[in-house]
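Reading through the structure tokens given below for one structure.
The values are calculated or read from the model by the stated rules, or taken from the named source; none is laboratory data. Not measured: the values here are computed from a predicted model. Every residue, glycine as well, gets a Cβ built from its backbone with ideal geometry; the counts of neighbours run over all protein chains shown.
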Amino acid sequence: MKGLFLTLEGIDGAGKSSHIDALEALFKARGRQVTRTREPGGTPIAETLRTMILTQPMDPLTESLLVFAARRDHIVRVIEPALARGEVVLCDRFTDATFAYQGAGHGFDTAVLSALEQWVQGRPLQPDITLWFDLSPELAAERLAGARLPDKFESQPVEFFRRVAAGYAQRAAAASRFVRIDAGQSRDQVWQQIEAALAARGLMGSR
Ligand code: TMP
């Protein structure tokens, strides 16, 4: 069976992570092996880098290099082996987040990000499908308020998330692998959109 690389993206507070359990259950019910993972993270080295990235102030190039270093380890040790085994890889964020956060959010040079992407992802490795949870930054901020202690990115002002959201919209317009999910709807309606998107692309398989 061919591997399937599915990523979930969106600004903080858009609610993407709360659907990963259901996605895992859905694919498993259809007989697929599932690897669930996240970025930055997914390996011991990448999780160590995640802690640094999410807690320490640093300049945008350092941040981008650490994000891509974590990604390289994650790809080599987890993502590519799982895809080679024919598994479904469910990854909470991937390179689109780097273009949205470091590129659009912090204004870092996207030509440098593209060069790093080439180095780190080779061929390049790209997701087969990206569920983009689109929510207005104002609503996302309301959802995040008081939820938990915000990390370095979550504590950015709403203007930062407006730029990140615009970055995602730009990426989504340029690649057919993106599916826009209206994350402003109820949890059930969001799930229905996800199921419909997978079915429309023939990714549900047979029971
Ligand atoms: P999470 O809270 O969804 O796990 O994401 C961790 C944070 O890291 C989130 O605020 C987005 C940020 N991030 C980047 O800035 N660049 C990246 O490349 C990735 C993968 C995440």
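Structure notes:
- Scanning segment 65-101 for residues that are within 9 Å of the ligand (Cβ to nearest atom), among the acidic types (Asp, Glu) and not in a helix (DSSP H, G or I) yields a count of 1.
- Here residue 124 meets each of (1) within 14 Å of the ligand (Cβ to nearest atom); (2) modelled with pLDDT under 95 with one exception, condition (1).
- The residues of segment 102-120 that are closer than 17 Å to residue 66 by Cβ and either modelled with pLDDT under 95 or more than 13 Å from the ligand (Cβ to nearest atom) (or both), listed by number, are 109, 112, 115, 119.
- Within the option set 187, 171, 180, 162, being loosely packed, with under 14 Cβ neighbours inside 10 Å, of a type in the set (Lys, Arg) and out of contact with any Ser or Thr (no Cβ under 6 Å at 6 or more places or on another chain) holds for one residue only, 187.
- Lone qualifier among 148, 72 - being surrounded by fewer than 21 Cβ atoms within 10 Å (Cβ to Cβ) and modelled with pLDDT under 95: 148
- Conditions (1) modelled with pLDDT of 95 or more; (2) polar (S, T, N, Q); (3) within 13 Å of the ligand (Cβ to nearest atom); number of the one not met by residue 156: (1)
- Test: residue in segment 152-174 that is under 29 Å from residue 4 (Cβ atoms) and in contact with a Pro (Cβ under 6 Å, 6 or more places away or on another chain): yes
- Residues of segment 15-41 that are surrounded by 15 or more Cβ atoms within 10 Å (Cβ to Cβ) and either among the acidic types (Asp, Glu) or near the ligand (Cβ under 10 Å from one of its atoms) (or both): 16, 24, 38, 39, 40, 41.
- When residues of segment 42-54 are limited to those that are away from the ligand (no atom under 11 Å from the Cβ) and in contact (Cβ under 8 Å) with a residue 24 or more places away in the chain, the one nearest to the chain's Cα centre (by Cα): 43
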